[in-house]
Number of protein chains: 2
Amino acid sequence: MRNMTRIAFVGLGAMGLPMASNLVRKGFDVTGFDLNANALATLEGAGGRRAGSARDAAHDADVLILMVVNAAQAEAVLFEGGALESLRDGGVVALMATCPPSAVEAIEARVQRAGRRLVDAPVSGGVAGAKGATLTIMAAGPRDTFDLAKPVFDAMGDKVFHVGERPGQGAMVKTVNQLLCGVHIAVVAEAFALASKVGVDLDILLQIMSGSAASSWMLKDRGPRMLQEQPEVTSAVDIFVKDLGIVLDAGRDTRAALPLAAAAHQMFLAASGRGDGHEDDSQVIRTYLALNGVR
Amino acid sequence: MRNMTRIAFVGLGAMGLPMASNLVRKGFDVTGFDLNANALATLEGAGGRRAGSARDAAHDADVLILMVVNAAQAEAVLFEGGALESLRDGGVVALMATCPPSAVEAIEARVQRAGRRLVDAPVSGGVAGAKGATLTIMAAGPRDTFDLAKPVFDAMGDKVFHVGERPGQGAMVKTVNQLLCGVHIAVVAEAFALASKVGVDLDILLQIMSGSAASSWMLKDRGPRMLQEQPEVTSAVDIFVKDLGIVLDAGRDTRAALPLAAAAHQMFLAASGRGDGHEDDSQVIRTYLALNGVR
């Protein structure tokens, strides 16, 4: 079995660039492409190579990693940009961007028809995880394809899971992750807005909830920023407008009613609609305060 | 200022009995009452005293602790049973049962008219917390009244918070706690039911979510039991039918829309309506599976 050592990496953004650099550091032969020339220069400085197009980057590569913004960009790179046919026969496409499960399935069908293989491998852990090679990677695809790509994933993350045999299942795990995250943020806002109606001290409330069965990762992370008037933006309201949108699309595609996700999405949508789309996502609490007439 | 050493304790159930026993152990003079003679005998064996009625237990006590089932029982003990007028003038009623905030406010008004004081002090931490004296106690009332009762609370819990000056605010903190807990359980069920639609391995999903930003105390606690067909009942579906009912009543009383809590309540109600009211609350997932036609 040929080793998977030649990597094409398309999408060198805040996540992709450190991921590609970690691959270089671990001894992979990485050729990158991005429209941003600075990112290409940085990769080159780290010991990687630069290409003039995604097609050139993918030329005779073993693995083509896509860390682009969304499914439409992945399709453009693979099918219109010619990267897929440039990839060696039997090569593996690792789709690591966050995409709707149904879009991943559609991409997989076309990749397979072209004689290549797809592993669906979205990540979580943010920029810190990308830099530290501590990403969680939720990969789906036939076991043997996953096994081929695993050394590549291990160079970028320390929690690499094979979540299923069918591409799209990785995207679904990521979708479920975002469902929980989005609802957890909204419900903290709902709870705090109720408490503020009766003048409960929200600092003490947060302290109590953080140590009780009511706790969540999001409560501890976003809770303190909900108590600030104008917190630093770590992740914007509009990200959850998009991500909970993907969640609800997945529910439509699979015919699954998602009443809590749907209600939470409405609250983020309203926040965006009132002009807070670029504010920190903790500020979904403003929707509740406006809704319930607090302050 | 007179020390608060003579305690009347009404309601010696699974929580109340170990709480009263801890007071005895810490040197308080405790007289208990419950309709259950076994509980009275156990308290006596631990060094407490038994009374033939709540009124007798409260006779000349400094603090009357109510650890009864609900607000109706608290009212019956205080006003019909005569415990309030039996309590010494200026004595403190510590209402530690879980009650709706509005009911606490109504009780407080009557207690004050009778020349006594109320501290609203619901708990969380369950039977384990009651036995280990590690309860979280969310107390509300005028600061000086709280300060008087604090040594008594410290004998039963290790996280004693003064959450506000007005009785009812403690109940609101507990209500908010239950709002978060109930929604967190339901949203895990919603997420797992979606994932099962596309055949994702739920054990791996649980493992991934437990270590990600999607995590919650309830995900880690109830998640594993959601994957079991017939798990042990640690807390029943009907408890959350009741507790989310209290949450929604609090929302009505204060005029606060609670879209996530309302949707979660519907899912627990449906679970109960299908005959699963006495099952473990993790089995709210059956509502989603039935709803979405899984299995």
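Here are the numbers for the structure shown:
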| item | result |
| --- | --- |
| For region B:192-209, 3J(HN,Hα) per residue [Karplus equation, 6.51 cos²θ - 1.76 cosθ + 1.60, θ = phi - 60°, Hz, x = Gly/Pro] | 5, 5, 5, 4, 5, 4, 10, x, 5, 5, 6, 5, 5, 4, 4, 4, 5, 5 |
| Percent of C-alpha pairs per 10 Å bin, region B:6-166, short to long | 12, 47, 37, 4 |
| Rough spin-label spacing in nm, given labels placed 7 Å along Cα→Cβ, for A:ASP147 and B:ALA14 | 4.9 |
| Shape category assigned to region A:173-292 from the gyration tensor of Cα positions, a/c cut at 1.5 | prolate |
| Shielding by other protein chains, A:153-163, mean Cβ within 10 Å | 2 |
| Gap separating the Cα centres of region A:197-224 and region A:247-295, nearest whole Å | 20 |
| Cut-off under 5 Å, modelled amide H: who pairs with A:SER212 long-range | none |
| Rounded FRET efficiency, nearest 0.05, which uses the C-beta distance separating A:ARG255 from B:ALA76 and R0 of 45 Å | 0.35 |
| Within region B:187-243, GluC sites (Glu not before Pro) in DSSP loop having at most 14 other beta-carbon neighbours inside 10 Å | B:GLU229, B:GLU232 |
| Karplus (6.51, -1.76, 1.60) ³J(HN,Hα), θ = phi - 60°, over region A:134-148, in Hz, Gly and Pro reported as x | 10, 5, 8, 10, 10, 9, 9, x, x, 3, 5, 5, 4, 4, 4 |
| Under 18 Å from A:LYS220, Cα to Cα: aspartates and glutamates that are on another chain or at least 8 residues apart | A:GLU190, A:ASP201, A:ASP203, A:GLU229, A:GLU232, A:ASP280, A:ASP281, B:ASP221 |
| Fraction of antiparallel bridges per DSSP, chain B only, in percent to nearest 5 | 15 |
| Of all DSSP beta bridges in the protein assembly as shown, antiparallel share, percent nearest 5 | 15 |
| Sites A:LEU289 and A:THR5, calculated FRET efficiency, Cβ-Cβ separation with R0 45 Å, nearest 0.05 | 0.25 |
| For A:ALA94, residues with placed amide H under 5 Å, excluding near neighbours | A:LEU64, A:ILE65, A:LEU66, A:VAL119 |
| Average other protein chain Cβ within 10 Å of Cβ, residues B:243-254 | 2 |
| Space enclosed by the convex hull of the alpha-carbon atoms of chain B, per residue, Å³ | 137 |
| Mean separation of Cα contacts under 8 Å, 6 or more apart, over the residue count of region B:6-166: relative contact order % | 19 |
| Mean separation of Cα contacts under 8 Å, 6 or more apart, over the residue count of chain B: relative contact order % | 13 |
| Residue among A:GLY16, A:GLY91, A:GLY199 with the largest mean-square fluctuation in a Gaussian network model of chain A, springs linking Cα atoms under 10 Å | A:GLY199 |
| Cα-only Debye scattering, the protein assembly as shown: base-10 log of I(q)/I(0) at q = 0.06, 0.09 Å⁻¹ | -0.39, -0.74 |
| Restricting region B:201-270 to trypsin sites (Lys or Arg not before Pro) in coil, as DSSP defines it, with at most 13 other Cβ within 10 Å | B:ARG255 |
| Phi to ³J(HN,Hα) by Karplus 6.51 cos²θ - 1.76 cosθ + 1.60 over region A:264-275, Hz, x for Gly, Pro | 5, 4, 4, 5, 5, 4, 4, 4, 5, x, 7, x |
| Region B:80-210: C-alpha gyration tensor shape, a/c 1.5 cut-off, then a/b vs b/c | prolate |
| Links that overshoot a 31 Å alpha carbon limit, given the list A:LYS159/B:LYS131; A:LYS242/B:LYS174; A:LYS131/A:LYS174; B:LYS26/B:LYS242; A:LYS159/A:LYS242; B:LYS131/B:LYS242 | A:LYS159/B:LYS131; A:LYS242/B:LYS174; B:LYS26/B:LYS242 |
| Residue mean of other protein chain beta carbons inside 10 Å, A:201-211 | 5 |
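Rule-based calculations on the coordinates, nothing more; no lab input. These numbers come from a predicted model, not from an experiment. Ideal geometry is used to build each Cβ from the backbone, glycine not excepted, and the neighbour counts take in all protein chains shown.
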